[in-house]
1. Once Lys and Arg get +1 and Asp and Glu get -1 on their Cβ, which of 487, 497, 467 lies farthest toward the positive end of the dipole of the range 408-506?
2. Given an 8 Å cut-off on Cα distances and at least 6 residues of separation, report the relative contact order of the chain as a percent.
3. Could you tell me how many degrees, from 0 to 90 and to the nearest 10, lie between the Cα long axis of helix 312-333 and the main elongation axis, the longest principal axis, of the Cα atoms of the chain?
4. May I ask for the Kirkwood hydrodynamic radius of the range 443-524, worked out over all distinct Cα pairs and given in angstroms to one decimal?
5. For each pair in 78/115; 78/148; 155/529, compute the distance between the two Cα atoms and list the pairs where it is over 31 Å.
6. Which of the peptides 398-409, 293-304, 517-528 is most tightly packed, and how do the rest follow, going by the mean number of other Cβ atoms within 10 Å of each residue?
7. Using +1 on the beta carbon of Lys and Arg, -1 on that of Asp and Glu, and nothing else charged, what's the dipole of the chain about the Cα centre, debye to 20?
8. Using a basic spin-label model with each label point 7 Å from the Cα along Cα→Cβ, how many nm lie between residue 338 and residue 303?
Amino acid sequence: MVDPGVLAAAPLQSENFGALSLVPPLLAIALAMITRRAILSLFLGVWSGAIIYTGGMGVVTTLTWTAESIGASLFNAKIMTIVMFLGAGVALIWRLGGALAIANAATSRLDSQRKVGLATWIFGMLWFFGDYSNTAIVGTTMRDMADKMRMSREKLSYIIDSTAAPVATFGISSWVVYQLSMIEQGYQAAGIAGEAPGSFGVFLQSIPFNMYCIFAVVMVGIIVLTQRDFGEMLDAEHRSWKEGKVLRDDATPMQSAEESLGDVVTETPQLRFFLLPVGALILVVFGGAAYTGLAGAGSGAAFIDIVDNAAFVDALQWGSFTMVAVGLLSGVGSGLMDIEEAMETVIDGFSMMLTAISILIMAWTIGSVTGTLGTGVYVTSIAESIVSPTLLPVVILFAAAVIAFATGTSWGTMAIVTPIAIPLAWEIGGNTPELLPVAVGTVFSGAIFGDHCSPISDTTILSSTFTGADHIDHVRTQIYYAVTVILVAMTMLLVWGVTRITPLVLLPVGVGILYGLVYGLSEWDANRKGVLPRAPKSERRSSPADD
């Protein structure tokens, strides 16, 4: 989710390098998958881009781009502070026993892997106002319970990742506001700002065409309820429920609260140490969004105008800071910590996020590199040459998916593709708004798919971070499910292109196909590997230490 301003204002003049522009992101992705060293892989991808751009070694350019990815964007700076504050807030909640209190309160009811998975899925859908806070709060809260029920960290990361950004695209969040701004940019690019319908109306109409996000959330429910897996997730789950190893032996988890933050400071964990900081976070985020929205829209403004003008990222920054402040006051005021210990916990929370911050910086940098080399423009230009009314939704979806996967940024992809997709849809639709919701929905779907399963995506990185998973293991296991979902979405969009049946009919059909695929692929993969497609009921209730 990189600030489009970084892409638009690349550190050097943007040029089109054609097929060479694909080298940096693809090299970074390939190296990340092979070496399992995300930071090194990203750095080498950026370096390759500098070599292509300068025609030489490019060391100075690489370092300049890296520095500018931090300093040239206020958005990126805000995201870094949000991540650090969330880390500190999570640290305080952990040490004060808030997360343990939640786990203890739910343990008597969440007595199976299915129930833990279902609770995580529902919790993720309810926390709809931001993907960053979603992964932080849900991941940290559910991790211990998932471990107890022998759910692999890969599975937990998948559930959280697929109910973060996809859900945020439909809620009251910075994602929706950004999507609305992208529609307006598309109108300006097409020169139809005075003719086209309102951006919010088109956004609402585009929701049924945002099939990847809808199916991704549904897919989580199918996987959780059926307890069936396939691909590398099947291997991870067998390892976890048979051996009690929630991580593989050589895994490098992104974060471990126990090792980073130490022991809980109380023997009687209380819910208030979770509810007060998290409640403050929610109140300030929504209050801040309402305040900035009203300030921007003016008194008597319609609700949608208030949403349009709300500064959700700023509100999340205020909320995450308030979360830390309330946690500090709660810990010191209750006598569980003195001020020195509380501040040390905050610093521990900051340090816990350094790996994630490092990867985020490199991911933002490679986003700037792809903008500078013209990666998005090159991929989209290829897609444009084969567009027809029937293929329009599939082509836009594919183009956005490839760009987002290669760059690791859904917002940057929307900024690249939307100003091309909307004029294209307007022209192919006979200068009518008929195909505008289709273009908008498919751009968003493809962008989030790529962001969702790319190893250089910030949301994917944070999902690994807050569940304590090995980042590349998370990517490798999740990609089977993400590809399955997008193939079903492509199929349904192709059917729509041929028949023009309302997507409200196609969505339930797609859900049925997803269910059939999960059942069939789990049976086939289990038979191929000589294992069971799901754990026996007796093996999915507790860890070996609790037996």
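1. 497
2. The value is 28 percent.
3. Its long axis makes an angle of about 10 degrees.
4. Taking the inverse mean of 1/r over all distinct Cα pairs, the range 443-524 comes out at 14.2 Å.
5. 78/115; 78/148
6. Result, highest mean Cβ count within 10 Å first: 398-409, 517-528, 293-304.
7. Here the chain has a charge dipole of around 1220 debye.
8. Roughly 5.2 nm, to one decimal.
Just so you know, all these numbers are worked out from the coordinates, no wet-lab data involved. The model shown is predicted, which means the values in this text are computed figures rather than measured ones. Neighbour counts run over all protein chains shown; Cβ positions are idealised from the backbone, glycine included.
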